[in-house]
Amino acid sequence: MSVSKLLNLNIETLEKLIFLDQKFFPNPWQDKDWINLDLTDKQIFIIKSENTICGYVLFGVNLLDQQAHLLKILIEPRKRGIGLAKIALTDCLDHLKKDSVQDVYLEVATNNTQAIGLYKSLGFKILVLKKRFYSNGEDAYAMQKFLIQN
């Protein structure tokens, strides 16, 4: 398994990300959202297993504020349950720290206990409950992890 930060999006990688997102993500983006993705304020990490893309992690990054927002993380179902998400997120957080990002935040559905457990195991703390955060009316927790302590 490898995790690599994308510096640019080629058409083949973009098509694979769109496929994975639309097939497996609970709230997929439209094609145009991916096509218009601006890598000046986003960082995408590709997860490969056996030289095939099997997932991705997408952050919004504000280097001025030294903060990142986990927007999406996806591991295709046949590769879940073997710790890839934890390994991938750990690598991503290390990359962000090297870019001087001080803290990372995210939102996660309150009923997604597996993801909440993963984030807690990586040091994320629950900040607040966001009522009806998702378009389907589900609540979310906002969580945060400090990468660099002042």
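Check the straight Cα-Cα distances from Lys16 and name the aspartates and glutamates below 19 Å, setting aside those fewer than 8 residues away within the same chain.
Candidates past the 8-residue exclusion: Asp31, Asp33, Asp38, Glu50, Glu76.
Set Lys and Arg Cβ to +1 and Asp and Glu Cβ to -1, take the dipole of segment 4-62 about its Cα centre, and tell me which of Val61, Phe25, Ser4 lies farthest positive.
Ser4
Strictly over 21 Å apart at the Cα level, which of Lys72/Lys145; Lys97/Lys130; Lys79/Lys130 would you flag in this model?
Lys97/Lys130; Lys79/Lys130
Only Cα pairs within less than 10 Å get springs; with that Gaussian network setup on the chain, which residue of Leu127, Leu84, Leu20 has the largest fluctuation?
Top of the fluctuation ranking is Leu127.
Rank Tyr56, Tyr119, Tyr134 by mean-square fluctuation in a GNM of the chain with C-alpha springs under 10 angstrom and give only the top-ranked residue.
Fluctuation is largest for Tyr134.
Which listed residue (Met143, Val128, Ala109) has the Cα farthest towards the positive end of the charge dipole for segment 55-150, taking +1 on Lys and Arg C-beta and -1 on Asp and Glu C-beta about the Cα centre?
Comparing the listed Cα positions along the dipole, Ala109 ranks first.
For a Förster distance of 30 Å, can you work out the FRET efficiency between the beta-carbons of Lys98 and Lys16, rounded to the nearest 0.05?
It comes out at approximately 0.70.
If I stretch the segment between Ser121 and Arg80 completely, what's the gain in nm (0.36 nm per residue apart, minus their alpha carbon distance), one decimal?
Full-extension gain reported as 13.1 nm.
Ordered by packing density, taken as the mean number of other Cβ atoms within 10 Å over each peptide's residues, highest first, how do 25-38, 104-117 rank?
Result, highest mean Cβ count within 10 Å first: 104-117, 25-38.
On full extension of the chain, what length is gained from Ser2 through Ser135, given 0.36 nm per residue of separation minus the C-alpha to C-alpha distance?
44.6 nm is the gain from fully extending Ser2 to Ser135.
Relative to the compact globular guide of 2.2 N^0.38 Å, what is the alpha carbon radius of gyration of the chain, as a ratio?
1.01
Bear in mind that the values in this text are calculations on the coordinates, not laboratory data. From a predicted model like this one, the values you see are computed outputs, not experimental measurements. A quick note on method: Cβ atoms are made from the backbone with ideal geometry, for glycine too, and the neighbour counts reach across all protein chains shown.
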